[in-house]
Amino acid sequence: MVVGCAGRVDGAYLSAGRGHRSAGDRFTEHLDYTRWTPDLAGLDPYHPVATFSAAEGRVVPPPFDAAGYLEAIERCRDRFPDLRILTGLELGEPHWHAEPTRRVLDAGSFDRVLGSQHCLPDGDTFREPPGLFARRPPEEVVTEYLSEIERLVHESDVFAVLAHIDYPSRYWSASAATLDLARFEEAFRAALRATAQSGRALEINTVLPMDATILRWWHEEGGDAVSFGSDAHTPAALARDFRAAAAMATAHGFRAGPDPYDFWSRAS
Ligand SMILES: [Zn+2]
């Protein structure tokens, strides 16, 4: 099973994905309402973040075209009848946007719904980790990010999987150091505990290899299930490093169940 954050849905993903020999693919399209101020330094001017922020200086996510998305899925199913192609959404900060998020979920059929935190408040705007790290002490950013994860899982009940809890580590570049998880153990454990107690699965997102310590803490804090997400955004990245992610999950006490489309569950 592949869970890919598609960005768009088309046959190119599935053609590219043929090599990974999965039983199927799941496209989790973004659904975002937070208007945030991007850090445009070094960004291609044609990158969606740059084009969506051109008018206001803040990223204004375009309205989600649920009918268009579901039609694209149907076209892919027609073209690749031997694959099981499932639907999904990645909800950005759904606890801040309960009403519009609920309207989209009620209007369509989505097989898997992820929840994620991309931004934090910053003055009169919102910023993602690159902009936050440029303005605030990195320890403060990571701690606040993990506290917001606790609020996310407490205040929203519309998603089943917490996506990329290690999102700030993608951008932790202060002194070119890697994120020293030990400094944030309590904050990580609190966020993981809240997620486990809410009955959700934890996504192992393979944009970066997840630090195995996080998975160990997830297991120790009572986490029951994991899922895998390549957050692909391009066809070539579909299912990236899933073999290593699966080996890590196995080593930390999680097993594939009888249904290849389902989460991996706790073995012990
Ligand atoms: Zn995300």
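The values are calculated or read from the model by the stated rules, or taken from the named source; none is laboratory data. Computed from a predicted model, the values in this text were never measured in an experiment. Methodologically, a virtual Cβ is constructed for each residue, glycine included, from the backbone with ideal geometry; neighbour enumeration extends over all protein chains shown.
Data table
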item	result
Considering residues of region 113-146 that are crowded, with 22+ Cβ neighbours inside 10 Å, in contact (Cβ under 8 Å) with a residue 40 or more places away in the chain and within 14 Å of the ligand (Cβ to nearest atom) only, the residue farthest from Ala67 (Cα to Cα)	Pro129
Subset of region 31-62 [modelled with pLDDT of 90 or more and under 19 Å from Arg103 (Cα atoms)]	Leu31, Asp32, Tyr33, Thr34, Arg35
Extreme residue, modelled with the lowest pLDDT, among residues of region 172-183 that are aliphatic (A, V, I, L, M) and surrounded by 11 or more Cβ atoms within 10 Å (Cβ to Cβ)	Ala174
Residue ranges of strands (runs of 3 or more DSSP E) in region 179-268 with at least 1 members over 15 Å from the mean Cα position of the chain (by Cα)	225-229, 254-256, 264-266
Subset of region 51-99 (residues that are among the acidic types (Asp, Glu) and crowded, with 19+ Cβ neighbours inside 10 Å)	Glu90, Glu93
Single condition Glu186 does not satisfy, out of (1) of a type in the set (D, E, K, R); (2) at pLDDT 95 or above; (3) within 16 Å of the ligand (Cβ to nearest atom)	(3)
Those residues of region 60-100 which are over 18 Å from the mean Cα position of the chain (by Cα) and either within 16 Å of the ligand (Cβ to nearest atom) or of a type in the set (D, E, K, R) (or both), in sequence order	Asp65, Glu71, Glu74, Arg75, Arg77, Asp78, Arg79, Asp82, Arg84, Glu99
Filter result (surrounded by 15 or more Cβ atoms within 10 Å (Cβ to Cβ) and farther than 20 Å from Asp25 by Cβ) within region 245-262	Met248, His252, Gly253, Phe254
Region 213-244, subset within 16 Å of the ligand (Cβ to nearest atom) and small (Gly, Ala, Ser), residue surrounded by the most Cβ atoms within 10 Å (Cβ to Cβ)	Gly229
Subset of region 101-112 that is touching a residue at least 24 places away in the same chain (Cβ under 8 Å) and more than 16 Å from the ligand (Cβ to nearest atom) - its residue that is farthest from Glu203 (Cα to Cα)	Ala107
